[in-house]
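Right, one structure below, let's go through it.
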């Protein structure tokens, strides 16, 4: 009887050990995925083209073979086919087998090389590209990059509304949620394709923005007026629009500063007791 029970007990112990090990590894994997999600939550992402299914070597690609995938920009390779270039793969043959959900590289395609395009190809139909002069301090210490979104502020000397004959300094928001097409001569696509391990120069004196034709006129006039333009960087996922932004002068600061700081503590820092 003992001889029959021992193998059964051993099998049950082995099964239990297997289940516990599986649960432990599953928990560790979920913890790692959660940490990765937190780590990449605020990271800039790009959309790339991936295989929807396993595709053999020599297959002719059609639209149903491809799909999109969003990945952190920092983990992208300069050989990845970005989403907007996906249609260029149609009717092209694969140089090697492609795995489902795997990024498609230009080297995976017969005769495929990354396309080289100028700025005009990046401009959406109906919009325009206009460059404005900015210093490093006026472009978030030179950290504004192609594909970022910014607000454009202007600081000018205007005739005072309360003291006739005198001038006063005024800062106001000119445009909100504007896409940056280029910094200096670095285009969005070139920024994506550069070697991310190399040191990046943040030295540029102009930023090119994507705007409506009327906004282009507005920015050109604002740039020619005696004043200074400043870029304010936004989170890439932030599409909010402020409708009641005031013109800021010394009198406004003097009267509204306590109220602004109180609102900051309550709404941004979530502090109570004020």
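Points worth noting:
- Here residue 157 meets the list (1) loosely packed, with under 15 Cβ neighbours inside 10 Å; (2) within 21 Å of the chain's Cα centre (by Cα); (3) under 23 Å from residue 228 (Cβ atoms) almost entirely, failing just condition (2).
- Qualifying residue in the range 242-249 (condition: assigned to a strand (DSSP E or B), modelled with pLDDT under 90 and surrounded by 13 or more Cβ atoms within 10 Å (Cβ to Cβ)): yes
- Filter result for residue 71 (modelled with pLDDT of 75 or more and in contact with a strand residue (DSSP E or B) (Cβ under 9 Å, 6 or more places away or on another chain)): yes
- Residues (at positive phi and modelled with pLDDT under 90) located in the range 158-180: 165
- Which numbered condition residue 229 fails, given (1) surrounded by 10 or more Cβ atoms within 10 Å (Cβ to Cβ); (2) closer than 23 Å to residue 155 by Cα; (3) over 28 Å from the mean Cα position of the chain (by Cα): (3)
- Test: residue in the range 256-269 that is in a loop (DSSP other than H, G, I, E, B) and in the same structural domain as residue 163 (by TED's automatic domain parsing): no
- Of all residues in the range 143-151, one or more are under 17 Å from the mean Cα position of the chain (by Cα) and free of Cβ contacts under 8 Å to residues at least 60 places away in the same chain.
The values are calculated or read from the model by the stated rules, or taken from the named source; none is laboratory data. These figures come from a predicted structure and were not determined experimentally. Using ideal geometry, Cβ is built from the backbone for each residue, glycine included, and neighbour counts are taken over all protein chains shown.
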